[in-house]
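Have a look at the structure below before the remarks.
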Amino acid sequence: RFSQNFREVVGRFLASEASSHLLVFDMEQRLPPHSELVQAVLRLFQEPVPRAALRRHERLFPRSDRARVTVQWLHVRDDGSNRTALIDSRLVSIHESGWKALDVTEAVNFWQQLRSPRPPLLLQVSVQREHLGPLASSAHRLVRFAPQGPSGGRQGEPQLELHTLDLRDYGAQGNCDPKAPVTKGARCCRQEMYIDLQGMKWAENWVLEPPGFLAYECVGTCQQPPESLNFKWPFLGPRQCVASETTSLPVIVSIQEGGRLQPQVVSLPNMRVQTCSCASDGALVPRKLEP
Amino acid sequence: LTEEQILDSLLQQLHLSEVPIVDKAAVEGLVIPAHVRAQYVALLQRGHGARSRGK
């Protein structure tokens with residue numbers, strides 16, 4: 001606004017009142033301790049619009065019959081402040097009714113990063129105009145989802161579906177047994193691998209410490225999920241044995257500084273494998289929750 | 001982890017484009033000061049804790 005380079009940009013705030021309601025899901029005991037969340041699906045039951053209201057809407061807005069449904073994850077902090085994160089959004093038509101699915105995997109990933117004891121999972125569902133602007137219709141007023149009832153179990157009540165894999169079957173097994181050679185088909189594990197720096201010509205007289213280090217490597221294979229899972233998520237590649245956590249390696253090198261040789265510490269990132277896991281290419285890498 | 005990857009990482013961290021020529025005699029007389037060694041050991045111990053996400 002105060003820059004000399006830009007003409008002042010004037011905007012109009014178009015009120016897009018939205019109907020929204022808060023869904024509360026108790027998550028305790030819902031995720032088994034040694035399981036990996038593959039996907040969390042929120043199912044909402046869209047109630048049919050009465051015919052008379054449909055006809056009235058069509059007379060007023062013949063070309064616009066959709067509304068936007070948005071899900072946000074709501075986190076109420078200990079100090080009472082709260083924050084939201086956009087999780088999923090999709091368009092629904094007022095001519096449809098029945099179960100609508102939204103992907104809320106990221107919301108559950110965020111919830112899993114909270115400190116225990118964790119609060120219930122809070123999802124804010126809002127229905128807004130399909131777009132802002134003079135031609136936008138009020139279709140969003142006709143979209144209604146069955147609410148969450150106090151007693152639970154009502155027909156059409158919102159459902160949270162959690163798809164998990166049991167890591168006792170589909171995960172890695174920690175460190176390889178140093179006494180047992182890793183055979184073909186062995187389960188993914190972290191194997192010792194020593195890197196001898198003294199044997200590297202370029203390191204001579206340059207790298208002072210360490211003479212070598214244990215880098216480890218991930219070896220072995222991973223059990224593939226059942227066919228049904230692959231069918232549902234075609235974008236997921238096969239599960240592979242990968243380094244899911246690595247750590248840096250500090251070294252001391254000799255550096256020419258001020259006309260004389262000085263020892264200096266340098267940290268090389270991702271040089272040592274801490275954890276091996278079975279992971280699919282294309283799988284969602286959970287966003288880190290900001291503190 | 002390959003030898004090239006280690007060398008590339010070291011050159012990158014030191015903003016060098018090639019391996020420096022270091023005189024062997026100069027290195028033999030070189031003593032690592034206590035504060036440099038302490039920094040190295042501290043990083044080594046912290047490395048076992050701080051974890052970065054791989055793939």
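The values are calculated or read from the model by the stated rules, or taken from the named source; none is laboratory data. From a predicted model like this one, the values you see are computed outputs, not experimental measurements. Cβ atoms come from the backbone with ideal geometry, glycine included; neighbour counts cover every protein chain shown.
Structure values in brief
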| read-out | value |
| --- | --- |
| Near pairs, Cβ below 6 angstrom, 6+ apart or cross-chain, from the range A:121-139 (over 20 Å from A:F45 (Cα atoms)) to any residue that is at pLDDT below 95 and surrounded by fewer than 19 Cβ atoms within 10 Å (Cβ to Cβ) | A:L132/A:L14; A:L132/A:S16; A:S137/A:F61; A:S137/A:S64 |
| Search result, residues across the range A:99-138 that are hydroxyl-bearing (S, T, Y), modelled with pLDDT of 90 or more and closer than 27 Å to A:E58 by Cβ | A:S126 |
| Cβ-Cβ under 9 Å pairs, at least 6 apart or on other chains, the range B:1-27 side farther than 30 Å from A:R190 by Cβ, far side hydroxyl-bearing (S, T, Y) and surrounded by 10 or more Cβ atoms within 10 Å (Cβ to Cβ) | B:P20/A:S254; B:V22/A:S254; B:A26/A:S254; B:V27/A:S254 |
| Residue satisfying condition, being within 14 Å of another protein chain (Cβ to nearest Cβ), under 20 Å from B:A25 (Cα atoms) and not hydroxyl-bearing (S, T, Y), within set A:G212, A:G237, A:G199 | A:G199 |
| Selection status of A:L208, touching a Pro at 6+ places or on another chain (Cβ under 9 Å), hydrophobic (A, V, I, L, M, F, W, C) and assigned to a loop (DSSP other than H, G, I, E, B) | no |
| Residue match in the range A:194-213 (condition: within 16 Å of A:E245 (Cβ to Cβ) and either touching a Lys or Arg at 6+ places or on another chain (Cβ under 8 Å) or touching a residue at least 24 places away in the same chain (Cβ under 8 Å) (or both)) | no |
| Subset of the range B:14-55 that is modelled with pLDDT of 90 or more and of a type in the set (D, E, K, R) - its residue that is surrounded by the fewest Cβ atoms within 10 Å (Cβ to Cβ) | B:E18 |
| Condition met for A:Q29 (under 30 Å from A:Q224 (Cα atoms) and either over 25 Å from the mean Cα position of the chain (by Cα) or loosely packed, with under 13 Cβ neighbours inside 10 Å (or both)) | yes |
| Given (1) at the interface with chain A (Cβ under 8 Å from one of its Cβ atoms); (2) at pLDDT 95 or above, index of the condition B:L11 fails | (1) |
| Residue among A:G185, A:G171 that alone is over 30 Å from A:D103 (Cα atoms) and of a type in the set (G, A, S) | A:G185 |
| Residue check, A:E227 facing chain B (nearest Cβ under 8 Å), surrounded by fewer than 19 Cβ atoms within 10 Å (Cβ to Cβ) and of a type outside the set (G, A, S) | no |
| Failed item, numbered, when A:H95 is tested on (1) touching a helix residue (DSSP H, G or I) at 6+ places or on another chain (Cβ under 9 Å); (2) within 30 Å of A:R51 (Cα to Cα); (3) in a strand (DSSP E or B) | (3) |
| Single unsatisfied condition, A:G80 versus (1) in contact with a strand residue (DSSP E or B) (Cβ under 9 Å, 6 or more places away or on another chain); (2) under 28 Å from A:E290 (Cβ atoms) | (1) |
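Listed here are the residues, each with its yes/no results for (1) out of contact with any helix residue (DSSP H, G or I) (no Cβ under 9 Å at 6 or more places or on another chain); (2) polar (S, T, N, Q); (3) free of Cβ contacts under 8 Å to residues at least 12 places away in the same chain.
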| residue | (1), (2), (3) |
| --- | --- |
| A:F45 | yes, no, no |
| A:R55 | yes, no, yes |
| A:R68 | no, no, no |
| A:T84 | yes, yes, no |
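Yes/no matrix, rows are residues, columns are (1) more than 7 Å from chain B (Cβ to nearest Cβ); (2) of a type in the set (S, T, Y):
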| site | (1), (2) |
| --- | --- |
| A:A243 | no, no |
| A:L261 | no, no |
| A:S277 | yes, yes |
| A:D281 | yes, no |
